[in-house]
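Everything below concerns the one structure shown next.
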Amino acid sequence: MNPLLSRLAAYLQEKANAQREAALRSGKPVYDFGIGDPREPTPEFIRNALRDAIPEVSQYPSIAGTPALRKAAAGYLRRRFGLSLDPDAEILPCAGAKEALFHLPLCAVSPDRPICWYPDPAYPVYERAILFAGGRPRAYALRAERRFLPDLDRIGPQDWRRTSLWFDCYPHNPTGAGAPRAYHEKLAGLAKEHGFLVVCDEPYVDLYVDEPPHSALEVSRQSLIAIHSLSKRSGMTGYRSGFIAGDPEVIRWLREARANFGVASQGFIQQAAVAAWSDDAHVEERRRIFAAKRQVLLAHLRRLGLAVNGEGAFYLWVRVPQGETSEGYAERLAARNILVVPGPSFGAEGEGFIRLAMVPTLEDCRAATELWPV
């Protein structure tokens, strides 16, 4: 067995599932703000598109995806960001963002440039992907005093020259922080200067409260790719569908490399994805629902005097009460069947925080505030 398997702690989702099962055994209502798996139904028109596309004869799908899916993704990028991408050269479907992120270092890490950067705190897949690919993971700290943005000036040219990948995520999971365009401009400039690849994980870019976040693709497509997903945008977590877009030379190599992994989405999933990327009305409705949940919880947490970060509509990053640890506060909440993720699950910089995902219904969000310990 790969020795990494014994070194790595249980994956975040598996730990959360075990906690949820324990809470359900109590027989009392469970308010699960843990894993970001929304409860709202997948829109009916998307489900119909999938059903209508199930063929009599099932055949192997193409890694490149159908022309219709690539065109639908390009259409979304044009409507949402004003971008004009070549569907054949600059867009590549993937089986969800997590799959694409995990396989990227296998394709992009060069032995003579082993360093791969990832945020702390962060979604665990970045570090694990680097480790399994044999790269050298290097965390960059995201802290409240810097608005959860990295200090790019702390990294010297000698490290940039040995860098293959920079994993980036804004709007950020778990903090919900946004990033100004100037940050991505500086990062893209460094990538061009030193020859590394910027990988922008953007699954939350459509779940906002005030101003729509930008995509890094608006700043650059040279030495940069972005990954988009239908999981949160369209309530399709179980469909496992997204796309990679950006630098055409990188896309060309990824198309070749990913054929080795067998990760092409089934044809009927692709048809459902075409329907989802082609419609914006259902996204607006989901954004409204998440924002309403967020407002209920935000108001309550502030009444308790807890500092809360998170510009996006999907996550709240909450500083625990003074004198408590992340794990201890999460356990206090779990005793009332309110399930959250302790900050250290996302990295050392997460100590002192918990993360809430806007997953329970609006009614359950209100009910959870009634049970919340003071």
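The values are calculated or read from the model by the stated rules, or taken from the named source; none is laboratory data. Nothing here was measured: the structure is a model prediction, and the numbers come from that model. Ideal geometry is used to build each Cβ from the backbone, glycine not excepted, and the neighbour counts take in all protein chains shown. Just the protein is used for accessible areas: all its heavy atoms, side chains included, with ligands, DNA and RNA removed. Shrake-Rupley method; radii C 1.70, N 1.55, O 1.52, S 1.80 Å.
Results, tabulated for the structure shown:
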{"quantity": "Where labels lie 7 Å past Cα in the beta-carbon direction, separation of N48 and A144 in nm", "calculated": "4.8"}
{"quantity": "GNM flexibility winner over the chain from G312, G82, G267 (Cα, springs under 10 Å)", "calculated": "G82"}
{"quantity": "Selected from E185, E249, E44 as most flexible by GNM, with the chain as the system and alpha-carbon contacts under 10 Å", "calculated": "E44"}
{"quantity": "Additional length obtainable on full extension of the chain from A292 to A18, 0.36 nm per residue less Cα span", "calculated": "95.8 nm"}
{"quantity": "Of R336, R79, R25, the one that fluctuates the most in a GNM where the chain has Cα springs shorter than 10 Å", "calculated": "R25"}
{"quantity": "Heavy-atom SASA rank of Y329, Y208 (probe 1.4 Å, accessible area, largest first)", "calculated": "Y208, Y329"}
{"quantity": "Where Rh is the Kirkwood radius over Cα pairs, Rg/Rh for the chain", "calculated": "0.96"}
{"quantity": "Dipole magnitude of the chain about its Cα centre (Cβ charges: Lys, Arg +1; Asp, Glu -1), debye to nearest 20", "calculated": "360"}
{"quantity": "Inter-label distance, nm, simple model (7 Å from Cα along the C-beta direction), L4/R79", "calculated": "3.8"}
{"quantity": "Sum of -39500 (n - 2.57) over DSSP H runs of 4+, divided by residues of the chain (222 nm, nearest 500)", "calculated": "-11500 deg cm²/dmol"}
{"quantity": "Computed E for A281/V209 - FRET, C-beta separation, R0 25 angstrom, nearest 0.05", "calculated": "0.85"}
{"quantity": "Long-range lysine pairs (8 or more apart or interchain), the chain, Cα under 29 Å", "calculated": "15"}
{"quantity": "Dipole of region 291-374, positive direction: furthest Cα of P321, L339, L298, with charges on the beta-carbon", "calculated": "L298"}
{"quantity": "Label-point separation, R366 to W253 (7 Å along Cα→Cβ), nm", "calculated": "5.4"}
{"quantity": "Sequence of F45, F314 when ordered by accessible area, the most exposed leading, probe 1.4 angstrom", "calculated": "F45, F314"}
{"quantity": "C-alpha center-to-center spacing [region 285-300, region 325-374] in angstrom", "calculated": "16"}
